[in-house]
Amino acid sequence: MAKLGVNIDHVATIRQARGGAEPDPVAAAAIAELAGADGITIHLREDRRHIQDRDLKLLRQTVKTKLNLEMAATDEMLAIAVAVKPDMCTLVPEKRQELTTEGGLDVRVHAQSIEKAIARLQDGGIHVSLFIDPDTDQIKTANRIGADYIEIHTGSFAEASDWKSEEQELIKIENSVKLATKLGLGVNAGHGLNYTNIKKVAALGGIEEFNIGHSIISRAVLVGLDRAVRDMVDLIKYA
Ligand code: PXP
């Protein structure tokens with residue numbers, strides 16, 4: 001059965017809105033784990049707009065499942081990751097102005113620097129995943145430069161405007177899962193997944209873990225985090 005990694009960045013976004021201490025993402029992580037999450041995902045951004053260094057350090061000490069750190073492959077972030085040692089680092093592209101991660105990492109264009117970043121993290125005992133579009137060349141390059149996992153960017157599928165383009169995007173994801181699996185890469189997926197569209201992607205099979213943030217935290221505001229996580233765990237389980 002596929003696993004669920006809960007991205008708790010938005011809990012920190014609410015805290016940062018007032019610059020105070022609550023809600024605390026560390027408490028949110030504990031509740032998500034108690035509700036059945038298989039992992040906790042956070043994105044430490046260069047501008048620290050939501051998750052702070054303090055959160056990363058405390059979560060490293062308190063997360064009992066798996067801590068996945070999303071980050072840009074910069075010297076600053078690589079040094080932090082090697083010092084804190086999350087279980088996995090997912091390398092993502094990062095632009096200051098974007099609302100959220102807008103596209104996959106172009107591992108073909110940045111192959112050399114990403115290859116070095118992967119080696120540095122793996123030397124530090126950290127598994128490395130690359131957040132890429134469901135594209136044959138990107139997957140082959142990710143494999144060539146030594147990634148352990150890919151995370152398939154599901155944004156184009158989630159934002160498809162009609163059933164036909166949704167179907168086409170789903171086929172791209174399915175083919176990407178097959179290719180990556182054949183090459184020996186682990187496969188995760190995420191971005192834009194919600195309580196409706198998760199069913200089709202989870203039914204494909206072959207995806208080890210889904211990283212989901214916005215839809216879970218949005219539902220949590222209305223029904224509570226425990227219930228929101230349990231609902232998503234069930235959807236993935238019975239897809
Ligand atoms: N995976 C990656 C690599 C991401 O950057 C994000 C967004 O931070 C997510 C998953 C979660 O996306 P969403 O918040 O749309 O569920």
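The values are calculated or read from the model by the stated rules, or taken from the named source; none is laboratory data. Owing to the predicted nature of the structure, the values given are computational and were not obtained by experimental measurement. FYI the Cβ positions are ideal-geometry reconstructions off the backbone, even for glycines, and counts take in every protein chain you see. Surface areas here come from the heavy atoms of the whole protein model, side chains and all, with no ligands, DNA or RNA. Shrake-Rupley method; radii C 1.70, N 1.55, O 1.52, S 1.80 Å.
Here are the numbers for the structure shown:
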{"read-out": "Selection count where residues are within 13 Å of the ligand (Cβ to nearest atom), within 15 Å of the chain's Cα centre (by Cα) and open to solvent by 40 Å² or more (accessible area, probe 1.4 Å), scope the range 1-51", "value": "1"}
{"read-out": "Output for the range 142-176, where each listed residue is farther than 23 Å from SER215 by Cα and aromatic (Phe, Trp, Tyr)", "value": "TYR149"}
{"read-out": "In the range 187-207, residue surrounded by the fewest Cβ atoms within 10 Å (Cβ to Cβ) [restricted to those that are within 10 Å of the ligand (Cβ to nearest atom) and of a type in the set (S, T, N, Q)]", "value": "ASN194"}
{"read-out": "Filter result for GLU159 (modelled with pLDDT of 95 or more, under 30 Å from ASP123 (Cβ atoms), touching a Gly at 6+ places or on another chain (Cβ under 7 Å) and not hydroxyl-bearing (Ser, Thr, Tyr))", "value": "no"}
{"read-out": "Any hit, the range 74-93, residues being within 19 Å of GLY192 (Cα to Cα) and open to solvent by 20 Å² or more (accessible area, probe 1.4 Å)", "value": "yes"}
{"read-out": "Qualifying residue in the range 12-29 (condition: in a helix (DSSP H, G or I), touching a residue at least 40 places away in the same chain (Cβ under 8 Å) and aliphatic (A, V, I, L, M))", "value": "yes"}
{"read-out": "ALA142 out of contact with any Ser or Thr (no Cβ under 7 Å at 6 or more places or on another chain) and either open to solvent by 80 Å² or more (accessible area, probe 1.4 Å) or over 27 Å from THR196 (Cα atoms) (or both)", "value": "yes"}
{"read-out": "From GLU174, GLU159, residue being acidic (Asp, Glu), more than 14 Å from the ligand (Cβ to nearest atom) and open to solvent by 10 Å² or more (accessible area, probe 1.4 Å)", "value": "GLU174"}
{"read-out": "Elements of type helices (runs of 4 or more DSSP H) contained in the range 97-184, each with 2 or more residues being over 30 Å from GLU76 (Cα atoms)", "value": "155-158, 163-183"}
